[in-house]
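These notes are about the structure you will find just below.
The values are calculated or read from the model by the stated rules, or taken from the named source; none is laboratory data. From a predicted model like this one, the values you see are computed outputs, not experimental measurements. FYI the Cβ positions are ideal-geometry reconstructions off the backbone, even for glycines, and counts take in every protein chain you see.
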Amino acid sequence: MADIDAGAHRRALLERLAEENAACLVFSGSPAFRNADSEYRFRPTSDFLYLTGFTEPDTALLLVPNGEEAKSILFLRERDPKAEVWTGRRLGVERAVEALGVDDARPVDALFEDLPKLLAGHEALVYESDGGGARDRDVLDALARARSARRRGEASPSAWIEPEATLHELRLRKDEAELEAMRRAAALTTDAHRAAMRAAKPGMLEMELEARIEFECRSKGSTGPAYTTIVAGGANACILHYVENDARLEDGDLVLIDAGYEWNYHASDVTRTFPVNGRFSPEQRTLYDLVLAAQHAAIARCHVGSSFDDVHDAALDVLVDGLIEHGLLGGTREEAIESESYRRFYMHRTSHWIGLDVHDCGAYYRDGESRPLEPGMVLTVEPGLYVAEDDDTVEERWRGIGIRIEDDVHVTGGDPEVLTAAVPTDPDEIEALMA
């Protein structure tokens, strides 16, 4: 079970649900097959983890603020000694209330039989669709049966609503327990990146560095990778989601590593770019210094009073000015930004929310405006430059260079807290570490 303050999360959500006269139904998810009869390692949905800290599959949580007694009801698998021999231990219905702090626990097979009665007195159901699958059909059927309560003069849900405005807004602002888990995730990921820098040398395979990172993180208690690791040598770094990791690292090339691991299911997301042989070439150093300056400018905007877009705009201004200065772009900054000519070299945004998911939930815009940053929000800051190896519009010396620098930043009431600052970004420090 995940060590988070799930009880506090449930109480906060119940308060919001009461204001909307809504119930909330969240599922843990089910195991998925990788191929044949081999399953992926199971990870519960992040909404379910946030509200329960429970990690078993085929489980559901119902929150009913207007329920007669129980406000939180967990539907889970019953104990089955024969099945547990094959698929692992189960908590069981009898122990769930004491172990998880919910108000009631019932067999998961009873969920859709009990749901219509439990929804009585609520006008809406907060529920995230499974894309029109069997679960959606079961929920719709339960809603239809719940409407019979109207004949008795009781409220009943007329439809479901997606969780963005309620549950996901709560998840966007991290409490201290969540922040501590993210600091732990950042710390073990930091150690792994430093180990990769020390280990890198010409002739290695990209996957050797990937293996070093996984070993460092898993041996320190990580619950697993937050996403598929990218180890991209040379021009492979110009492919944003390169995951083959099977090429040889060549002398004179850079290698870009985008790798983040979880602690207690909370993500980290870190990218570093460094020379395979331990020394930047002049061209590599020029573009690297430019990306680093853009990151510093963006991190400086990660404070209360800035908006989410302000962070991107700060990085973009620095990158465009540098591209013009070094002859990769023509015109003025304003012309390059208006025409988006810079997007040949910088085609992604600078930030995303991070938390239980590496691309965490939470709206980026409200009422058509970029939302202001608030204490407790955590976002990545990850500017980059990517010059394709076949781009004949630039001098040959720039071609095939891909650079990204990424850190996780906690917005506080004062200066931003860079959770992953212990992985060096200064090029002189990187060269010293590799030496």
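Things to note:
- Residue match in region 82-92 (condition: crowded, with 18+ Cβ neighbours inside 10 Å and within 26 Å of Trp353 (Cβ to Cβ)): no
- Options Ala134, Ala124, Ala146, Ala60: the member that is out of contact with any Ser or Thr (no Cβ under 8 Å at 6 or more places or on another chain) and of a type in the set (A, V, I, L, M, F, W, C): Ala134
- Selection of region 62-76 for residues being within 28 Å of the chain's Cα centre (by Cα) and either modelled with pLDDT under 95 or more than 14 Å from Leu14 (Cα to Cα) (or both) yields Leu74, Phe75, Leu76.
- Close pairs from region 173-186: first within 19 Å of Val270 (Cα to Cα), partner outside any helix (DSSP H, G or I) and at pLDDT below 95, Cβ under 9 Å, at least 6 apart: Glu178/Ile4; Glu178/Asp5; Ala181/Ala2; Ala181/Asp3; Ala181/Ile4
- The combined condition, being under 22 Å from Pro424 (Cα atoms), surrounded by 15 or more Cβ atoms within 10 Å (Cβ to Cβ) and basic (Lys, Arg), is not fulfilled by Arg198.
- In region 238-260, the residues that are assigned by TED's automatic domain parsing to the domain that holds Thr425 form Cβ pairs under 7 Å with partners that are among the basic types (Lys, Arg) and outside any loop (DSSP other than H, G, I, E, B), at six or more places apart or across chains, as follows: Leu256/Arg404; Ile257/Arg272; Asp258/Arg404.
- Candidates Leu143, Leu125: the one that is closer than 30 Å to His266 by Cα and not assigned by TED's automatic domain parsing to the domain that holds Thr412 is Leu125.
- Picking from residues in region 137-190 that are of a type in the set (Asp, Glu) and part of a loop (DSSP other than H, G, I, E, B), the one that is modelled with the lowest pLDDT is Glu154.
- Applying the set (1) crowded, with 16+ Cβ neighbours inside 10 Å; (2) of a type in the set (A, V, I, L, M); (3) over 23 Å from the mean Cα position of the chain (by Cα) to Ala226 leaves exactly one unmet item: (3).
- Complete set of residues in region 276-292 that are surrounded by fewer than 17 Cβ atoms within 10 Å (Cβ to Cβ), within 31 Å of the chain's Cα centre (by Cα) and farther than 14 Å from Glu325 by Cα: Arg285
- Condition met for Ile213 (surrounded by 22 or more Cβ atoms within 10 Å (Cβ to Cβ) and assigned to a helix (DSSP H, G or I)): yes
- Residue ID - farthest from Val64 (Cα to Cα), chosen from residues in region 1-11 that are surrounded by 14 or more Cβ atoms within 10 Å (Cβ to Cβ) and at pLDDT 95 or above: Ala6
- In summary, Val409 fulfils each of the numbered conditions (1) at pLDDT below 95; (2) of a type in the set (Val, Ile, Thr); (3) closer than 30 Å to Ala200 by Cβ with the single exception of condition (1).
- Residue within region 365-384 that is of a type in the set (Val, Ile, Thr), assigned by TED's automatic domain parsing to the domain that holds Met197, under 30 Å from Asn264 (Cβ atoms) and in contact with a Phe, Trp or Tyr (Cβ under 6 Å, 6 or more places away or on another chain) present: no
- Out of Ala36, Ala70, Ala105, sole residue that is among the aliphatic types (A, V, I, L, M) and more than 23 Å from Leu119 (Cα to Cα): Ala36
- Among the conditions (1) more than 30 Å from Arg16 (Cβ to Cβ); (2) outside the structural domain of Ser281 (by TED's automatic domain parsing); (3) not aliphatic (A, V, I, L, M), Pro163 misses just one, which is (1).
- Qualifying residue in region 1-10 (condition: hydrophobic (A, V, I, L, M, F, W, C), more than 15 Å from Thr223 (Cβ to Cβ) and part of a helix (DSSP H, G or I)): yes
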